[in-house]
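The values are calculated or read from the model by the stated rules, or taken from the named source; none is laboratory data. Bear in mind the structure is a predicted one, so any value in this text is a computation, not a measurement. All Cβ positions, even for glycine, are placed from backbone atoms using ideal geometry, and neighbour counts span all protein chains on display. Heavy atoms of the whole protein, side chains included, go into the accessibility calculation; ligands, DNA and RNA do not. Shrake-Rupley method; radii C 1.70, N 1.55, O 1.52, S 1.80 Å.
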Amino acid sequence: MESTQEIIQWNREDKDIPVKDRKPIKIFINSNGGSLNSIMELITICNLSKTPVYAIGMGKCYSAGGLLLMGITKGNRYILNTTEALIHDGSTGTFGDTGKVLDDLEYTKKFILDHTDIPENEYDKNYRRNWWLDSNEIIKYGVADKIIENIEELF
């Protein structure tokens, strides 16, 4: 994934700069979703980065785009007041028995519950449908940390 290589390169270039003095990497998310495997790779590299990585939801954080937003280190996740997120059971590329499909669902559920403030009973009630969250719900459920109120916060 090109984005992961760019983050690795940014860290390589910053390696002699104290972490507190590094200019953060900002990922602007406006996504209809995508591959779970690819997004998990990007989330992992972002969270390994010594250069701080911020996620900024700008409109659509659907499916894997929502996972990216929630997967970034808490405190570094921002949205605009018009941002929406979509949480759902996803589509599976798993082949084999039903147990393997259920394992994939449990993996995604654990990731979401570990990276948000969504209560398990609320998740269980909503995941099998397209669960749309507006900006206030995104903050309420800890999918992101703050709504950007000033354009200068994007600089």
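Each DSSP beta bridge with both residues in the chain is either parallel or antiparallel, and the antiparallel ones are about 20%.
Find the percent of Cα-Cα distances in the range 48-91 that exceed 13 Å, and round it to a whole number. The proportion of pairs with Cα distances above 13 Å equals 53 percent.
Taking every alpha-carbon pair under 8 Å whose residues sit at least 6 apart, the chain reaches a relative contact order of 22 percent. When the alpha carbon gyration tensor of the range 1-78 is reduced to an equivalent ellipsoid, its three semi-axes come out at 22, 13, 9 angstrom, largest first.
Cross-link check: pairs LYS15/LYS60; LYS109/LYS140; LYS20/LYS109; LYS15/LYS140; LYS110/LYS146 evaluated at a Cα-Cα cut-off of 25 Å; pairs beyond the cut-off: LYS15/LYS60; LYS20/LYS109; LYS15/LYS140. With the simple spin-label model, which puts each label point 7 Å out from Cα in the Cβ direction, the ARG12 to THR44 separation comes to 1.9 nm. Evaluated at q = 0.19 Å⁻¹, a Debye calculation over the C-alpha positions of the chain (equal weights, vacuum) places log10 I(q)/I(0) at -1.17. Surface analysis of the range 7-52 yields an accessible area of 64 Å² per residue, using protein heavy atoms and a 1.4 Å probe. Where only DSSP H runs of four or more residues are counted, the chain gives -12500 deg cm²/dmol as its mean residue ellipticity at 222 nm, each run worth -39500 (n - 2.57).
The angle between the Cα long axis of helix 98-115 and the main principal axis of the chain comes to about 40°, on a 0 to 90 degree scale.
The loop-placed trypsin sites (Lys or Arg not before Pro) in the range 1-68, going by DSSP, that have at most 15 neighbouring Cβ atoms within 10 Å of their Cβ come out as LYS15, LYS50.
On the protein heavy atoms, probe 1.4 angstrom, tell me the percent of accessible surface of the chain carried by carbon and sulfur.
Carbon and sulfur atoms account for 51 percent of the accessible area of the chain.
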